[in-house]
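The values are calculated or read from the model by the stated rules, or taken from the named source; none is laboratory data. Every value quoted in this text rests on a predicted model; they were computed, and no experiment measured them. Methodologically, a virtual Cβ is constructed for each residue, glycine included, from the backbone with ideal geometry; neighbour enumeration extends over all protein chains shown. Ligands, DNA and RNA are excluded from the accessible area calculation, which covers all protein heavy atoms including side chains. Shrake-Rupley method; radii C 1.70, N 1.55, O 1.52, S 1.80 Å.
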Amino acid sequence: MMKRALWQGLAAGAAGAIVMTLGEKAEQRLSGRPDSCVPGRTLARLTGMPERPGRRPVKVNLAMHVGQGALLGVLRSVMAHAGLRGPWSSAMFTVVRLTNDQVLENATGVGAPPQTWPRAELVVDLLHKAVYGFATGAVADALAAGSGSGPGQRHAALRPGRHSDVGPLPRPEAYGR
């Protein structure tokens with residue numbers, strides 16, 4: 001499962017990043033909002049690349065968008081293979097994406113905590129990350145569905161919800177003893 005989840009997650013995350021980026025470009029044309037340099041500057045700090053004040057790191061921004069999106073997509077794929085599929089799971093994953101951005105941006109000193117942002121900027125960022133989370137989730141769920149239901153889905157089929165009297169599924173042979 002993990003090898004399949006890896007390649008499917010990279011594909012789902014890259015697709016989600018592309019959809020998010022296209023949405024951002026459309027929104028920027030309508031709103032007049034300029035590109036953010038934060039993703040590129042964050043990647044530069046993380047990798048030790050030279051910083052060039054006053055220059056917009058367009059290629060580095062794109063590399064961060066797609067690279068980070070693809071890598072995080074692996075987690076969403078693992079979620080889908082485990083049986084965490086659908087809008088609820090995509091919403092949970094969107095929070096992971098937002099958290100990842102904020103940890104990297106704040107740890108490198110490139111960004112500021114979201115509660116300090118202008119509200120309009122915060123809303124736009126939340127919207128774009130939700131587009132990423134749900135697009136990535138749709139692709140990851142569709143790819144994982146080819147492997148059948150996940151363990152969580154099979155467990156829920158016994159009795160939906162969390163109940164102390166419903167034990168775990170039988171251990172798969174792949175886990176061994």
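Within the stretch 81-100, the residues that satisfy the criterion of being in contact (Cβ under 8 Å) with a residue 60 or more places away in the chain and assigned to a helix (DSSP H, G or I) are His81, Ala82.
Taking the criterion of being surrounded by 14 or more Cβ atoms within 10 Å (Cβ to Cβ) and part of a helix (DSSP H, G or I), the only residue of the stretch 47-60 that qualifies is Val60. The set of residues from the stretch 1-38 being under 17 Å from Met64 (Cβ atoms), touching a residue at least 40 places away in the same chain (Cβ under 8 Å) and either open to solvent by less than 20 Å² (accessible area, probe 1.4 Å) or not hydrophobic (A, V, I, L, M, F, W, C) (or both) comprises Gly13, Gly16, Ala17, Met20, Thr21, Gly23, Glu24.
In the stretch 116-133, the residues that are within 17 Å of Asn106 (Cβ to Cβ) form Cβ pairs under 8 Å with partners that are β-branched (Val, Ile, Thr) and surrounded by 18 or more Cβ atoms within 10 Å (Cβ to Cβ), at six or more places apart or across chains, as follows: Lys129/Thr94. Looking only at the stretch 29-79, how many residues end up being modelled with pLDDT under 90 and aliphatic (A, V, I, L, M)? Summing the residues that are modelled with pLDDT under 90 and aliphatic (A, V, I, L, M) in the stretch 29-79 gives 1. Restricting the stretch 39-80 to residues that are of a type in the set (D, E, K, R) and touching a residue at least 40 places away in the same chain (Cβ under 8 Å), the residue that is nearest to Ala12 (Cα to Cα) is Arg76.
For Gly83, only one of the following conditions fails: (1) at pLDDT 95 or above; (2) over 19 Å from Ala26 (Cα atoms); (3) open to solvent by less than 30 Å² (accessible area, probe 1.4 Å). What is its number? Here Gly83 meets the rest and fails (1).
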